[in-house]
Each structure stands twice: as structure tokens, then as C-alpha cells.
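Undergrad: This structure is in C-alpha cells; I'll ask about it shortly.
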Amino acid sequence: MKQRLKTLVLAAACAIFTQSGARAQSDLLTVTSPNGQIEFDLFLTRQPDPSEAYVRLAYRVSFKGKLLMDTSFMGLNIRDQPILGVNVGLTSSKRTSVDEAYTVPAGKTSRIRNHYNGLTAEYEQNGTLGRRINVEVRAYDDGVAFRYNIPWSGQMADAQIDDEFTEFNFAKDAESYPLIVSDYATDYEDGYSSMPLSAIHDDSLVALPFLVQQPGVGWVAVTEADIDNYAGMYLKHEQGSAMISTLATSYEDDTTAVHVHAPAVCPWRVLLIGPDPGALIESNIVANVNPPSAIADTSWIKPGKAAWNGWSGGTVNSAVNTAAIKRYIDFAAASKLEYVMIDEAWAAPGQGTLPRDIAKPVAGLDLGEILRYANSKHVGIWLSADWTSIQRQMESAFALYEKWGVAGVKIGNMNRDDQWMVNFYRQMAKAAAAHHLMLDFHGAYKPDGLNRTWPNVLTREAVMGLEYAKSGARITPDHDAMLPFTRMLAGPMDYTPGGFDNVTPDEFEPRQDKPMVMGTRAHQLALYVVFDSPLMMVADNPSAYQGQKDFEFIEDVPASWDETRVVNGKVGEFVTVARRKGTDWYVGSITNWDPREVSIPLQFLGSGQYIADIYSDAADAGTNPKHTSIEQQRVNASTVLKVNLAPGGGDAIRLTLAR
């Protein structure tokens with residue numbers, strides 16, 4: 001339907017504006033990355049069909065001298081007006097170059113370099129009484145980002161954007177890894193596929209990030225950043241190797257996506273680019289294009305690991321009473337975990353059909369005593385709540401939580417990213433920051449770098465995480481090996497790892513009480529390094545970890561990092577990630593159901609000798625997935641470790657300077 005609408009609107013634009021004198025591929029502007037390997041061309045050109053004489057704004061991207069993204073048209077579909085981006089003329093351009101650094105209180109890298117060459121090009125639409133569109137471009141060494149700016153004009157003072165026509169015309173048909181969702185009301189909790197670009201059905205709605213390999217050229221992932229007063233972007237297949245953007249429509253009015261008042265700024269359209277998929281995991285572009293922190297003093301924002309009462313023990317939320325939560329606090333304190341997460345049944349039921357009263361604990365739960373007890377044990381408390389309860393009681397509840405000494409709030413079940421909900425996320429982030437509360441969004445849309453501007457937003461879900469093992473067989477090592485190269489490219493990912501009832505596929509059965517997880521114990525350990533989340537759950541029941549020697553790795557591993565390196569990997573098959581905290585390094589390797597030997601060169605280590613504590617699959621882990629081998633080895637930067645991964649296996653390593 002949207003493709004048909006696009007054709008009709010473009011035809012109308014052609015009929016109205018054919019007088020432009022612009023020539024094919026005129027007014028070419030090129031932005032090159034600082035290292036010279038990425039080129040972004042912005043230009044005006046005609047449609048390929050000679051019968052369509054109108055000129056359109058377009059771009060293309062090259063990597064290391066080879067075409068990565070072919071001519072891709074750009075524009076916004078403004079209601080009752082010609083497409084903004086058709087029959088425009090370049091009026092001015094301005095270049096810039098930035099090389100700066102900033103620090104963040106939590107994430108995969110504590111100090112981030114923001115180094116790019118930039119361009120702002122201003123265009124005016126012919127015959128439309130001053131309607132204008134500006135395009136801002138930033139070229140980084142690891143990708144490019146561009147966005148539309150809509151300057152004020154009489155006709156654009158109040159505008160309804162029905163859709164966005166930004167194309168992503170890949171130079172070659174190639175393997176892609178889409179997350180196909182049913183509609184815009186989505187929580188992103190599904191599995192990723194692998195298929196050629198040309199095989200994606202034209203009625204499929206593809207969520208971001210969207211990863212594509214361009215053979216002989218490189219890897220590219222499409223996502224977006226700094227979504228503010230706008231709707232989330234998705235992709236649809238046009239034809240061949242071309243995808244086109246489409247915007248989440250309003251929950252109240254499915255004919256409209258965005259309502260803006262000029263001047264207005266659209267989100268950044270981001271292309272992560274690299275010679276291999278691991279390079280995309282290391283990228284910080286999504287954070288870089290967001291505004292700096294709006295929180296002056298971030299000292300209260302503290303990443304960490306959390307015990308969670310929502311994983312095991314019958315139905316979810318069953319263990320919500322004072323004694324049970326105290327047991328979780330004792331476990332957290334003994335295990336060096338910074339937090340306990342209490343699921344949403346802590347709050348009293350609302351009157352009638354109203355949401356829960358998130359300022360009043362359920363009967364049998366002495367929240368004051370729990371908070372006092374947790375404080376005495378140096379353990380922080382997170383509370384969970386449905387977004388409808390937050391909407392109804394946000395200011396009063398957040399003020400009360402600050403008074404109580406609550407560390408953070410997990411807010412769930414938004415399940416959409418239309419313009420209203422996007423703005424509500426920002427409203428929650430700002431209000432929480434005013435009361436020194438950290439946030440974790442569940443039932444959420446993908447990250448967009450909001451955590452740079454509001455670093456109290458530690459993480460979010462937007463992933464089919466481990467909890468799905470309780471209801472089916474979709475959580476597999478294959479799924480885990482796909483996530484670092486797809487969903488995780490957008491930002492932190494609250495997957496809730498740590499399942500210790502590890503079984504083979506033949507033994508697996510979904511169950512709510514004492515859930516099983518497929519794959520090895522060492523695989524679960526490695527997820528704490530492979531996956532990025534500054535609030536990292538320790539999902540299983542405390543009793544599952546008692547007497548388990550390999551739990552020591554989870555006790556020791558940080559949740560936030562100073563540096564991240566991807567050592568090797570292949571999408572959907574295996575990956576090795578190394579992360580540094582201070583002088584210590586942690587390395588995690590996981591594989592799909594294929595056993596394999598992985599080489600881990602330790603070149604990232606500095607000078608000196610290190611002690612490697614290695615938690616690997618035992619020799620019989622293929623049939624006894626709970627069996628982990630633990631050994632210690634002296635290593636240095638010239639060492640290459642060889643690790644054998646069982647089917648569904650993993651390997652977790654802690655590297656500390658030898659004293």
C-alpha cells in the first residue's frame with residue numbers, strides 16, 4: 001500500500017514540477033571520512049525512467065573505492081504538498097571537521113572519540129514559495145550518518161509527515177539479516193533471518209538494525225539515531241537490492257506518522273560500515289550523533305549486575321514478599337552483585353481497571369524494611385512497573401522512589417515507537433534523572449543513542465531474550481550467535497543471561513519453574529562479555545548458583561567497560577569479544593550448534609605478563625552441558641590461545657596483570 005502511495009505521490013510531483021533546469025547528477029557534494037576510506041556523495045539526479053523528468057535529491061556511498069550504496073533517493077512525504085526532495089536546487093553548502101572526545105558513565109567504551117568530516121547542504125524546492133530542505137552529513141571512519149532539517153517557511157510552519165522516502169539501494173544483491181515484524185506495534189522480540197536482499201517479500205516490515213554483506217566490498221548495517229519528536233523507522237523491500245524507509249504510524253491515526261512544526265530536525269539515518277561484521281560492533285556512531293549529556297553530575301549513575309526475582313520459581317513474580325526478597329539481597333551481597341531487580345507484582349493492584357499503584361507495595365511486602373536491609377548490605381534496589389502506571393503516577397512515584405532510596409526503575413510493555421511513544425521515552429528519562437533514578441526499558445524499541453544524552457537510561461530490552469526459554473525452544477545458541485551482529489549494533493541489550501540449568505536440545509523442555517536453557521554453562525558465562533548491557537541480569541534463582549565453582553566468573557565480570565575489541569566472528573556462527581576494565585581484560589567466545597576450535601590472539605594486551613583464568617567447555621560438554629573446565633595459564637600479548645567450543649558452547653576468560 002505504501003509503495004503504491006509513493007508512486008502516486010511521485011507522479012503528482014512530476015506533473016507539477018517538470019520545469020527544473022537541474023541536470024542529471026548535478027551539484028555533486030562529496031564528504032570523505034577522516035581516513036579517506038568512506039565517501040558519501042550527495043547530488044541531484046533524475047529518476048531512471050526517462051518518462052519521469054523530475055529531479056530528485058539522492059546519495060551514494062563508497063568504501064575503499066568500491067560502490068557500497070548505489071544511487072538512493074531521498075525525501076519526505078508531506079501531506080497535501082509535493083514530496084520534499086523533488087525538484088530542489090542547491091542554494092548553499094558548508095563543511096566542518098570535528099575531532100573531540102567525551103566520557104560516559106556506562107557503556108562498552110568509557111572514553112569515546114567523535115571524529116568526522118561534516119557537510120550541511122541547503123536546498124530550495126522550485127515553485128513552492130520557499131519550501132526548503134537541508135541535509136546534514138557526517139562521515140566517520142566506521143560509517144556515515146545523515147539527516148534532514150526542515151527550515152521554517154510559511155508552508156512548513158505546521159506539517160504532517162505521512163512517510164519518509166529514504167532509499168537504501170545496496171550496490172549488490174547479497175546476504176542480509178532482517179528482523180521481520182508483523183506491524184509497527186512491536187517489542188522487537190523475535191528471531192533474525194538470513195536471506196538474500198532480493199528474497200525479502202515486499203510486504204515484509206523489517207526492523208532496525210538491518211545488516212547486509214556486500215561481497216568484495218564490505219559490511220553495512222542500517223539503523224537510526226537521536227529519534228526525537230519523530231517516529232521510528234522501518235524498511236521495506238522495493239525491488240532488487242533496494243530497501244526504502246517507512247515510518248511507524250500514529251497509534252491514534254494510522255494515516256499519519258509525524259506532526260512537526262518547522263524548524264524541525266529528523267533522526268539520523270546511520271550506515272555502520274566495515275571490512276568485517278565485527279568492526280560494526282566496535283562502532284560508536286549511534287552515540288556520537290546524539291546530543292551530549294543533559295545530566296551535569298553523573299556520579300550517581302552506576303552500572304552493575306542484578307539478581308532478579310522474575311526468572312524462576314513457578315509463575316513470574318511469585319516470590320514477592322519480604323522474606324523472599326531479603327534472600328535475593330543476601331545472595332546479591334554475597335555474590336558481589338550491585339543490585340536486586342524486583343518484578344512488577346511488588347506494586348499493589350489498582351482500583352478496578354486502573355494500572356497498579358506504583359506508590360504502594362502489595363500486601364505482605366514491607367518495602368521500607370527491604371530498602372533498609374538492602375542499604376545495610378550495600379545492595380541497590382530496582383523496581384519494575386508497567387508504562388501505563390508510570391504515565392499515571394510518574395512525578396509522584398519518581399519523587400517517592402528518590403525519597404525511599406530506590407536505585408532505578410524497569411519500565412515495560414510500551415511495544416511501539418510512534419511519535420507519541422518516542423516522546424514519552426524522553427519524558428521518562430528526563431523525569432527520572434531529576435530524581436536520580438536509572439532506567440531499563442522493556443517491551444521497548446531499539447536503542448538510538450538516547451543513553452548519551454540521558455545516561456541514566458542504562459539499557460533496554462528490544463530483544464528475544466533468555467526468558468523466552470520458559471515458553472518455547474526459540475532461545476538457542478544459533479540465536480545468541482546472531483545477536484551481536486544485529487540487535488546489539490544499535491546499543492545496550494538487556495538479554496538477562498545466566499541460566500545454569502544447561503541442557504542439550506534433546507533434553508530441553510520449556511517450563512516456568514526452574515527453566516532450562518539450551519547450550520553449555522560456559523556459553524552462558526561468555527554472554528556476560530559478548531553482550532553489552534551496563535545493567536546485566538543474573539537471571540537464575542540463587543539456589544542454582546550455590547556450590548557452582550564457575551559462578552565465580554559471573555561474580556567477577558564487570559557490567560561496564562573502558563574498551564571493547566572484537567577478536568573474530570562470523571554472523572550467526574561464532575564470535576569472540578574482548579573487553580577491558582582498568583587493567584583487567586575479559587574475553588568471551590560463543591558458538592552456534594557447530595563445535596569449533598577458535599584461536600584468540602591476545603595482541604590487545606599491554607606489556608607485561610597476565611594470568612588467564614579460563615572457563616571452557618569440558619571435554620564431555622557436548623553431552624553434559626553443565627560441565628565446565630577451569631584452568632589458569634600465564635600469557636602475554638604474543639600468546640595465541642586455542643579454545644575448543646562444544647556444540648552450543650562457549651569460553652570465558654579473565655586476564656589480570658601478574659603481580
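The values are calculated or read from the model by the stated rules, or taken from the named source; none is laboratory data. Predicted model only: the values in this text are computed from it and were never measured. Note that each Cβ is placed from the backbone with ideal geometry, even for glycine, and that neighbours are counted across all protein chains shown.
Undergrad: From the residues in segment 577-591 that are in a strand (DSSP E or B) and without any contact (Cβ under 8 Å) to a residue 60 or more places away in the chain, which one is surrounded by the fewest Cβ atoms within 10 Å (Cβ to Cβ)?
TA: So, considering only residues that are in a strand (DSSP E or B) and without any contact (Cβ under 8 Å) to a residue 60 or more places away in the chain, the one surrounded by the fewest Cβ atoms within 10 Å (Cβ to Cβ) is Lys581.
Undergrad: Restricting attention to segment 237-246, does a residue exist that is without any contact (Cβ under 8 Å) to a residue 60 or more places away in the chain, buried (at least 18 other Cβ atoms within 10 Å of the Cβ) and over 22 Å from Val289 (Cα atoms)?
TA: yes
Undergrad: Looking at Thr322, Thr298, can you tell me which residue is touching a Pro at 6+ places or on another chain (Cβ under 6 Å) and surrounded by fewer than 21 Cβ atoms within 10 Å (Cβ to Cβ)?
TA: It is Thr298.
Undergrad: Which is free of Cβ contacts under 8 Å to residues at least 12 places away in the same chain, surrounded by fewer than 22 Cβ atoms within 10 Å (Cβ to Cβ) and among the hydroxyl-bearing types (Ser, Thr, Tyr), of Thr91, Thr109, Thr103?
TA: Being free of Cβ contacts under 8 Å to residues at least 12 places away in the same chain, surrounded by fewer than 22 Cβ atoms within 10 Å (Cβ to Cβ) and among the hydroxyl-bearing types (Ser, Thr, Tyr) holds for just one of Thr91, Thr109, Thr103, which is Thr103.
Undergrad: Can you pull out every residue in segment 443-460 that is buried (at least 24 other Cβ atoms within 10 Å of the Cβ) and either under 22 Å from Asp343 (Cβ atoms) or small (Gly, Ala, Ser) (or both)?
TA: Residues satisfying the conditions are Ala444, Tyr445, Gly449, Asn456, Val457, Leu458, Thr459, Arg460.
Undergrad: Residue under question is Thr256, and the condition is that it be closer than 20 Å to Tyr445 by Cβ, modelled with pLDDT under 95 and touching a Ser or Thr at 6+ places or on another chain (Cβ under 8 Å); does it hold?
TA: Against the criterion (closer than 20 Å to Tyr445 by Cβ, modelled with pLDDT under 95 and touching a Ser or Thr at 6+ places or on another chain (Cβ under 8 Å)), Thr256 qualifies.
Undergrad: Report yes if Tyr251 is aromatic (Phe, Trp, Tyr), surrounded by 23 or more Cβ atoms within 10 Å (Cβ to Cβ) and part of a loop (DSSP other than H, G, I, E, B), otherwise no.
TA: Judged against the criteria, Tyr251 is not a match.
Undergrad: Somewhere in segment 597-607, is a residue part of a loop (DSSP other than H, G, I, E, B), farther than 23 Å from Val517 by Cα, at pLDDT below 95 and of a type in the set (Ser, Thr, Tyr)?
TA: yes
Undergrad: Which condition number does Leu57 fail, the rest of (1) modelled with pLDDT of 90 or more; (2) more than 26 Å from His261 (Cβ to Cβ) being met?
TA: Among (1) modelled with pLDDT of 90 or more; (2) more than 26 Å from His261 (Cβ to Cβ), Leu57 violates only (2).
Undergrad: Can you list the strands (runs of 3 or more DSSP E) found entirely within segment 62-119 that contain at least 3 residues being at pLDDT 95 or above?
TA: 66-73, 88-103
Undergrad: So which of Gln160, Gln155 ends up being in the same structural domain as Lys94 (by TED's automatic domain parsing), modelled with pLDDT under 95, assigned to a strand (DSSP E or B) and of a type in the set (S, T, N, Q)?
TA: Every option except Gln160 fails the conditions.
Undergrad: In addition: Checking Tyr373 against (1) aromatic (Phe, Trp, Tyr); (2) outside any helix (DSSP H, G or I); (3) surrounded by fewer than 19 Cβ atoms within 10 Å (Cβ to Cβ), only one condition comes out false. Which one?
TA: (2)
Undergrad: Examine segment 192-209 for a residue that is more than 30 Å from Glu282 (Cβ to Cβ), in contact with a Leu (Cβ under 6 Å, 6 or more places away or on another chain) and assigned to a strand (DSSP E or B), and state whether such a residue exists.
TA: no
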